[in-house]
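Novice: Pasting a structure below so you can have a look.
The values are calculated or read from the model by the stated rules, or taken from the named source; none is laboratory data. Because the structure is predicted, anything quoted here is derived from the model rather than measured. Cβ coordinates were reconstructed from backbone atoms using ideal geometry, including for glycine residues, and neighbour counts include every protein chain displayed. Areas reflect the complete protein model, heavy atoms only, side chains present, ligands, DNA and RNA absent. Shrake-Rupley method; radii C 1.70, N 1.55, O 1.52, S 1.80 Å.
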Amino acid sequence: MCGIFGIENHPDAAHLTYLSLFALQHRGQESAGIASVLNGQINSHTGMGITSDVFSDKRIEKLCGTSAIGHVRYSTTGSSHIKNAQPLVSKTRHGALALGHNGNLTNASEIRKNLETKGAIFHSSTDSEAILHLLAHSTGDFDEALPEALKKVEGAYSLVILTGDQMIACRDPHGFRPLVLGKLGNSYVVSSETTALSLVKASYIREIDPGEILFIRQGNLKSVKIPTRPISARCVFELVYFARPDSVVFGKGVQAVRQALGRALAREMKEVKADLVMAVPDSGAPAALGFSRESEIPFEVGLVRSHYISRTFIRPSQALREIAVDLKLSPVSEALKGKRVVLIDDSIVRGTTSRKIARSLREAGAREIHMGITSPPIVSACYYGIDTPKSEALIANQRKLEEIRDFVGVDSLHYLSLEAMLEAAGGSGFCDACFTKNYPTKTPAEVSISQKVGL
Ligand code: AMP
């Protein structure tokens with residue numbers, strides 16, 4: 001997953017972009033980067049790690065110009081390596097370009113193979129570079145070339161692009177990943193989430209529509225549609241887990257959606273008798289509050305999270321991930337001793353984090369643990385930008401409910417039903433493929449088979 005931001009026509013463009021990356025840091029911690037433009041020249045800096053590791057005052061000062069884009073990355077395609085850090089910068093026949101991408105293209109390897117046979121040389125292993133190459137190979141001026149290039153890519157992309165004289169923001173025709181437009185004085189701002197708009201004191205205008213390309217030049221907007229039919233497939237997991245609760249995503253307040261998920265779960269878990277409701281912090285907190293209000297079981301803080309360690313999933317190896325859980329979440333024995341506990345989390349992926357948490361709650365004295373998950377079992381991989389592992393590693397794809405309950409080590413386990421999750425998220429128009437296997441596009445495997453047999 002990644003976070004993107006851009007600001008056009010502002011004297012402090014790079015500084016504001018730098019600040020925005022802190023607000024978007026939860027969307028990716030592997031690398032961070034900013035590109036700015038001055039007199040048609042693009043200057044950029046990228047580095048591995050979180051924003052504060054990558055940038056110093058000196059670095060920011062070097063990023064002169066009145067437009068800038070920024071990116072934080074957590075790899076889903078291409079390895080965690082500096083050459084894959086974004087914004088990607090390239091010289092094309094349209095001049096210098098910088099590009100930041102959130103999402104995953106499903107036909108990137110086919111595009112890449114195709115272009116490589118025509119002599120293209122790729123510098124990174126990211127899917128995002130395919131877009132730059134398509135632009136380089138397209139005909140017409142830039143404003144015509146971009147919609148034509150995007151017509152050829154499939155899958156998920158929210159993009160910010162900087163050229164010598166404009167900034168562009170666009171969203172794929174399914175609208176998988178969020179992207180919003182805001183305004184700060186005479187400057188337009190785009191961001192993955194509204195929390196970054198609030199931080200830089202920009203006002204929220206609207207979502208960039210699925211299939212919309214916004215060309216932003218000196219404070220003026222031009223909106224163009226990608227020439228394919230938009231079919232809404234917004235990622236429901238953004239609302240369930242990924243986005244920050246203080247953001248508005250897909251036009252919905254994330255915190256309110258999570259509370260509604262918690263309330264719905266409480267209705268489905270009516271038979272459970274407990275002394276307290278607690279969350280796996282931080283993402284489970286609004287849902288646990290919703291559960292508590294609906295069930296009238298008191299909310300309690302049963303786990304304290306250390307904020308000085310980055311997300312456990314970010315650690316690539318299993319052994320490191322497990323140690324990181326111990327470092328990160330510490331139980332409050334006073335609150336838990338002898339208690340029947342409802343434990344709320346947003347999802348179970350591999351089951352390893354949940355198992356460790358359940359064990360530590362028991363060691364801290366919890367008498368019973370009833371686990372409630374505010375989404376259905378994750379049974380299938382995400383091809384659109386969330387780092388959901390392959391099906392073999394997904395516990396719900398390998399084991400039955402009772403087996404998961406026993407593996408995690410809880411007294412009971414309840415997943416929210418699909419219908420209730422979608423209703424709390426706001427109804428229809430969502431991608432729920434990780435829960436249902438109903439992929440709204442061809443998956444990468446299907447794309448390469450259809451290429452081989454010439455479909
Ligand atoms: P586990 O018990 O190992 O399956 O891990 C579940 C935890 O991982 C939950 O607390 C989720 O909030 C979190 N989680 C789910 N999906 C992701 C993801 N794509 N990246 C990082 N964390 C995730």
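Novice: Quick test for you: out of Ser317, Ser375, Ser306, Ser333, pick the one residue that is within 11 Å of the ligand (Cβ to nearest atom) and either small (Gly, Ala, Ser) or at pLDDT 95 or above (or both).
Specialist: None of the other options fit; the residue is Ser375.
Novice: Only one of these is not assigned by TED's automatic domain parsing to the domain that holds Leu24 and not in a helix (DSSP H, G or I): Arg244, Arg177. Name it.
Specialist: Arg244
Novice: In the list Ser198, Ser191, which residue meets the criterion of being at pLDDT 95 or above, among the small types (Gly, Ala, Ser) and touching a Ser or Thr at 6+ places or on another chain (Cβ under 7 Å)?
Specialist: After ruling out the rest, the residue left standing is Ser191.
Yes/no matrix, rows are residues, columns are (1) of a type in the set (Phe, Trp, Tyr); (2) in contact with a Cys (Cβ under 9 Å, 6 or more places away or on another chain); (3) surrounded by 17 or more Cβ atoms within 10 Å (Cβ to Cβ):
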site: Asn107; (1), (2), (3): no, no, yes
site: Phe122; (1), (2), (3): yes, no, no
site: Ala156; (1), (2), (3): no, yes, yes
site: Gln166; (1), (2), (3): no, no, yes
site: Leu181; (1), (2), (3): no, no, yes
site: Val200; (1), (2), (3): no, no, yes
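Novice: Mind checking which residues of segment 26-69 are in contact with a strand residue (DSSP E or B) (Cβ under 6 Å, 6 or more places away or on another chain) and of a type in the set (S, T, N, Q)?
Specialist: Ser31, Ser36, Asn43, Ser44, Thr46, Thr51, Ser67
Novice: Moving on to the next point. When you look at Arg59, is it crowded, with 24+ Cβ neighbours inside 10 Å and in the same structural domain as Tyr204 (by TED's automatic domain parsing), yes or no?
Specialist: Here the answer is no, as Arg59 does not meet what is asked.
Novice: Determine, yes or no, whether Glu30 is open to solvent by less than 40 Å² (accessible area, probe 1.4 Å) and out of contact with any Gly (no Cβ under 7 Å at 6 or more places or on another chain).
Specialist: Against the criterion (open to solvent by less than 40 Å² (accessible area, probe 1.4 Å) and out of contact with any Gly (no Cβ under 7 Å at 6 or more places or on another chain)), Glu30 qualifies.
Novice: Looking at segment 253-276, is at least one residue away from the ligand (no atom under 16 Å from the Cβ), outside any helix (DSSP H, G or I) and within 17 Å of the chain's Cα centre (by Cα)?
Specialist: Scanning segment 253-276 turns up at least one residue that is away from the ligand (no atom under 16 Å from the Cβ), outside any helix (DSSP H, G or I) and within 17 Å of the chain's Cα centre (by Cα).
Novice: Has segment 160-171 got at least one residue that is over 17 Å from Ser67 (Cβ atoms), assigned by TED's automatic domain parsing to the domain that holds Thr51 and assigned to a loop (DSSP other than H, G, I, E, B)?
Specialist: no
Novice: Follow-up. When segment 216-257 is examined, which residues are found to be closer than 10 Å to Pro178 by Cβ and aromatic (Phe, Trp, Tyr)?
Specialist: Phe242, Phe250 - these are the residues of segment 216-257 that are closer than 10 Å to Pro178 by Cβ and aromatic (Phe, Trp, Tyr).
Novice: Can you report the number of residues in segment 397-455 which are at pLDDT below 95 and of a type in the set (A, V, I, L, M)?
Specialist: Total satisfying the criteria: 5.
Matching residues to (1) assigned by TED's automatic domain parsing to the domain that holds Phe299; (2) surrounded by fewer than 23 Cβ atoms within 10 Å (Cβ to Cβ); (3) over 30 Å from Tyr157 (Cβ atoms):
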site	(1), (2), (3)
Lys337	yes, yes, yes
Arg350	yes, yes, no
Thr374	yes, no, no
Tyr384	yes, no, no
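Novice: Quick one: which of Ile69, Ile4, Ile50 is closer than 22 Å to Asn186 by Cα and either free of Cβ contacts under 8 Å to residues at least 12 places away in the same chain or within 16 Å of the chain's Cα centre (by Cα) (or both)?
Specialist: Residue meeting the stated conditions: Ile4.
Novice: Just need a number here: residues in segment 352-369 that are touching a Lys or Arg at 6+ places or on another chain (Cβ under 8 Å), open to solvent by 20 Å² or more (accessible area, probe 1.4 Å), on the phi < 0 side of the Ramachandran plot and at pLDDT 95 or above.
Specialist: Summing the residues that are touching a Lys or Arg at 6+ places or on another chain (Cβ under 8 Å), open to solvent by 20 Å² or more (accessible area, probe 1.4 Å), on the phi < 0 side of the Ramachandran plot and at pLDDT 95 or above in segment 352-369 gives 2.
Novice: For segment 215-231, name all the residues that are touching a Phe, Trp or Tyr at 6+ places or on another chain (Cβ under 9 Å) and either at pLDDT below 95 or crowded, with 22+ Cβ neighbours inside 10 Å (or both).
Specialist: Ile216, Gly219, listed by residue number.
Novice: OK, next. Inspect segment 263-276 for any residue being β-branched (Val, Ile, Thr), closer than 17 Å to Pro173 by Cα and in contact (Cβ under 8 Å) with a residue 24 or more places away in the chain and give the result as yes or no.
Specialist: No, segment 263-276 has no match at all.
Novice: Continuing with this model, one more query. In segment 180-196, which residues are polar (S, T, N, Q) and part of a loop (DSSP other than H, G, I, E, B)?
Specialist: Within segment 180-196, Asn186, Ser192 meet the criteria.
Novice: Filter segment 340-360 for residues that are in a helix (DSSP H, G or I) and either near the ligand (Cβ under 6 Å from one of its atoms) or touching a Gly at 6+ places or on another chain (Cβ under 7 Å) (or both) and give the result.
Specialist: Within segment 340-360, Thr352, Thr353, Ser354, Arg355, Ala358, Arg359 meet the criteria.
Novice: Go through segment 413-427 and give me each residue that's in contact (Cβ under 8 Å) with a residue 40 or more places away in the chain and among the small types (Gly, Ala, Ser).
Specialist: If the condition is that a residue be in contact (Cβ under 8 Å) with a residue 40 or more places away in the chain and among the small types (Gly, Ala, Ser), then Ser417, Ala420, Ala424, Ala425, Gly426 are the ones that fit.
Novice: Shifting gears a bit: Quick one: how many residues across segment 264-283 are farther than 19 Å from Asp411 by Cα and crowded, with 21+ Cβ neighbours inside 10 Å?
Specialist: 2
Novice: Considering segment 378-404 alone, what residues qualify as being over 30 Å from Asn107 (Cβ atoms) and either more than 13 Å from the ligand (Cβ to nearest atom) or assigned to a loop (DSSP other than H, G, I, E, B) (or both)?
Specialist: Arg399, Lys400, Leu401, Glu402, Glu403
Novice: For segment 68-103, enumerate the residues that are among the polar types (S, T, N, Q) and open to solvent by 10 Å² or more (accessible area, probe 1.4 Å).
Specialist: Correct list: Ser75, Thr76, Thr77, Ser79, Ser80, Ser90, Thr92.
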